[in-house]
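The structure appears below as structure tokens.
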């Protein structure tokens, strides 16, 4: 019987119908360089025009199963498939109309997403983004590689680049041309603030970009002094001598607005008024804090000034 708690690598392929996921997975499983005979469960969550050809796989122990209803994508179903198939790895072709929360909330213990790829048709990507923004953002925010296939030289690469970079600065972007050759995105994205300045000034319009960059590369900001406008929160459970400061951020729509805040240490934290807007100057360090229960970005107050609520209280990436 398979060990149900041993880590099991999951290779996740996302994207909308006819985006090229099936073709890529098929070619991968035909290639002996990438498929060395591991016992593999190929889990399909949608049916496209292109069908798999298991007879062409370079090894016979690839087992294809389907989950066609989002309500059936449960931890119990996945655990049962693991027990039945005893795979050494999982490949999931995920339904583009399902939110990734469904997947991540239902992965059984030990199922670890090793890599996440997003496939898009370059010719329809901007249309999907305009009409189904939430689903597009959902797939972009955690992808490690975005493949824009069926790309042609007359397409506006910068426009495609900007849409992706507004959501994720860390994913790689590949443009696959209709003749099969691939070019990787090399457009530089300078940050809209000077990270090497004695005090890093974060404008209101740049808070979301700064917060994402700081969260993804906290060590880069260790020991730096930053200045930004934020909303103070006083909450039970925050250790004495600390308060929370940040802003609400909207990634794509009203439904996904979340407060993005940081812990700030100050020996007069008990004088902070809840919901007050201030301009804060503080030194940032990447270290443990009890409010996080782990290591994370911690501010130490240098200066604080009262401020008015900004016209655009919710920060965005645009």
Practice task
Calculate for the chain the 222 nm mean residue ellipticity that helices alone would give, adding -39,500 (n - 2.57) per DSSP H run of length 4 or more and normalising by residue count, nearest 500 deg cm²/dmol.
Solution key: -5500 deg cm²/dmol
Completion exercise
If one builds a Gaussian network model of the chain from Cα atoms under 10 Å apart, the most fluctuating residue listed among 194, 55, 138 is 55
Fill in the blank from the handout: With 0.36 nm assigned to each residue of separation and the Cα-Cα distance removed, residue 197 to residue 64 gains 42.4 nm
Handout entry: Distant alpha-carbon pairs in the chain (separation over 24 angstrom), percent
Key = 62
Fill in the blank from the handout: Rounded to whole angstrom, the alpha-carbon centroid of segment 20-79 lies from that of segment 220-277 at a distance of 44
Practice task
Could you work out which residue, out of 13, 34, 119, moves most in a Gaussian network model of the chain, that is, has the largest mean-square fluctuation with Cα springs under 10 Å?
Solution key: 34
Problem - q = 0.18, 0.24 Å⁻¹: log10 I(q)/I(0) that the Debye formula gives for segment 193-257, counting C-alpha atoms only - result: -0.82, -1.17
Practice task
Could you work out the Rg to Rh ratio of segment 200-306, with Rh taken as the Kirkwood radius (inverse of the mean 1/r over all Cα pairs)?
Solution key: 0.93
Exercise for the section: Report the dimensions of segment 135-249 along its three principal axes from the alpha-carbon atoms, largest first, rounded to Å. Expected result: 62, 32, 23
Handout entry: Where the Cα pairs of segment 1-155 fall when distances are cut into 5 Å bins, in %
Key = 2, 9, 18, 22, 20, 16, 8, 4, 1, 0, 0
Problem - Mean-position separation - Cα centroids, segment 289-318 and segment 162-187, in angstrom - result: 32
Fill in the blank from the handout: Kirkwood radius from Cα pairs of segment 3-47 plugged into Stokes-Einstein at 37 °C, 0.692 mPa s, gives D in µm²/s equal to 265
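Laboratory data are not the source of any read-out in this text; all were calculated from the coordinates shown. Because the structure is predicted, anything quoted here is derived from the model rather than measured.
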